[in-house]
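For reference, the structure is listed below as structure tokens.
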Amino acid sequence: MKDYKYTLTNDTSDFRNKLLNKNLSEFQILFKDLFCISVVEEILDKLNYKYRKRIYDPFLTLWIYITEVLSEDKTLRSSVINFINFLYETSNKTCSSCTGGYSQARERLPLNLFSTLAKDIGDKLHKKTDEKWKWFGRNVKIADGSTIIIEDTDENRKVFPIHPSQQSGVGYPIARLEGIASLGSGSILNIALAPYEGKQI
């Protein structure tokens with residue numbers, strides 16, 4: 001495929017608004033009033049995260065990444081091609097089909113953005129819980145946890161050490177993921193990630 005290139009203007013706010021109004025998925029319909037540009041920008045401001053105006057700004061990068069996770073084809077190539085198609089459809093413009101720009105933009109996103117956004121959306125959904133989903137008029141919260149295997153890098157091993165029962169040089173870093181959810185809405189209210197330290201009750 002030919003690698004088309006186009007330099008966009010610094011102001012991408014109009015394009016981002018079109019993205020929100022585009023019926024790309026059921027996810028967008030469900031979270032249209034919760035997941036918006038102002039919410040993301042407010043969180044980035046609280047995190048003191050500075051970024052330059054570019055085509056893959058934090059909002060667009062986050063939105064493309066979420067739709068990528070929810071799609072059947074989760075490759076970078078597919079995500080970029082879908083984005084280019086949308087870009088051309090809404091503005092008659094296009095950009096490079098190389099995945100490098102989008103990949104680097106994802107790496108620039110602060111990890112705290114995901115957890116903070118999840119809790120922000122979860123709290124809003126929790127407060128909108130229908131009365132019929134409440135227990136005697138009360139909002140019920142449930143807690144659950146699991147373990148996940150993380151990429152085996154020196155940096156990850158410093159934060160998430162290998163389990164003591166594993167031989168040196170064998171195995172992957174393991175992390176414990178804990179969450180508190182709203183029983184009525186099913187939304188995540190709080191999440192935490194910590195080193196795995198054996199079975200915990």
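At negative phi, in contact with a Gly (Cβ under 6 Å, 6 or more places away or on another chain) and either part of a loop (DSSP other than H, G, I, E, B) or touching a residue at least 24 places away in the same chain (Cβ under 8 Å) (or both): does that describe E178?
Working: at negative phi: yes; in contact with a Gly (Cβ under 6 Å, 6 or more places away or on another chain): yes; either part of a loop (DSSP other than H, G, I, E, B) or touching a residue at least 24 places away in the same chain (Cβ under 8 Å) (or both): yes.
Judged against the criteria, E178 is a match.
Those residues that are touching a residue at least 24 places away in the same chain (Cβ under 8 Å) and either in contact with a Lys or Arg (Cβ under 9 Å, 6 or more places away or on another chain) or exposed (fewer than 13 other Cβ atoms within 10 Å of the Cβ) (or both), I need them from the range 113-127; list them, please.
T116, H126 - these are the residues of the range 113-127 that are touching a residue at least 24 places away in the same chain (Cβ under 8 Å) and either in contact with a Lys or Arg (Cβ under 9 Å, 6 or more places away or on another chain) or exposed (fewer than 13 other Cβ atoms within 10 Å of the Cβ) (or both).
Run K93 past the list (1) at pLDDT 55 or above; (2) in a loop (DSSP other than H, G, I, E, B); (3) surrounded by fewer than 13 Cβ atoms within 10 Å (Cβ to Cβ) and report the number of the one that doesn't hold.
(3)
Looking only at the range 135-193, which residues are among the small types (G, A, S) and under 15 Å from L125 (Cα atoms)? Steps first, please.
So in the range 135-193, the residues among the small types (G, A, S) come out as 137, 143, 145-146, 165, 168-169, 171, 175, 179, 181-182, 184-187, 192.
Correct list: A181, S182, G184, S185, G186, S187.
Within the bounds of the range 145-152, is there any residue that is more than 30 Å from V80 (Cα to Cα) and either surrounded by 10 or more Cβ atoms within 10 Å (Cβ to Cβ) or in the same structural domain as I55 (by TED's automatic domain parsing) (or both)? Can you show your working first?
Of the residues in the range 145-152, the ones more than 30 Å from V80 (Cα to Cα) are 145-147.
Filter once more, keeping what is either surrounded by 10 or more Cβ atoms within 10 Å (Cβ to Cβ) or in the same structural domain as I55 (by TED's automatic domain parsing) (or both): 145, 147.
Yes - at least one qualifying residue is present in the range 145-152.
Hey, among the residues in the range 101-159 that are outside any strand (DSSP E or B) and of a type in the set (G, A, S), which one's nearest to I66 (Cα to Cα)? Before the answer, list the steps.
The initial filter retains those residues of the range 101-159 that are outside any strand (DSSP E or B), namely 101-134, 136-137, 139-140, 150-159.
In the following step, the residues that additionally are of a type in the set (G, A, S) were identified as 101, 103, 105, 115, 118, 122, 137.
Details: G101: 17, S103: 14, A105: 14, S115: 13, A118: 12, G122: 16, G137: 34 Å.
The selected residue is A118.
Would you please list the contacts, defined by Cβ atoms under 8 Å and residues six or more apart or on different chains, that run from a residue in the range 129-153 that is free of Cβ contacts under 8 Å to residues at least 12 places away in the same chain to a residue that is of a type in the set (G, A, S) and exposed (fewer than 10 other Cβ atoms within 10 Å of the Cβ)?
If the second residue must be of a type in the set (G, A, S) and exposed (fewer than 10 other Cβ atoms within 10 Å of the Cβ), the pairs left are E131/G137.
Which condition breaks for A192 when tested against (1) at pLDDT below 85; (2) loosely packed, with under 12 Cβ neighbours inside 10 Å?
(1)
Checking A105 against (1) farther than 30 Å from R52 by Cβ; (2) modelled with pLDDT of 90 or more; (3) in contact with a Lys or Arg (Cβ under 9 Å, 6 or more places away or on another chain); (4) not aromatic (F, W, Y): exactly one of these is not met. Which one?
Failed condition: (1).
Residue check: is S78 at pLDDT 85 or above and more than 28 Å from S187 (Cα to Cα)? Explain how you work it out, then say what you get.
Numbers: at pLDDT 85 or above: yes; more than 28 Å from S187 (Cα to Cα): yes.
Taking the combined requirement at face value, the residue satisfies it.
Read through the list (1) within 18 Å of the chain's Cα centre (by Cα); (2) over 30 Å from I180 (Cα atoms), then give the number of the only condition that Y49 fails.
For Y49, the exception is condition (2).
The values are calculated or read from the model by the stated rules, or taken from the named source; none is laboratory data. Bear in mind the structure is a predicted one, so any value in this text is a computation, not a measurement. Note that each Cβ is placed from the backbone with ideal geometry, even for glycine, and that neighbours are counted across all protein chains shown.
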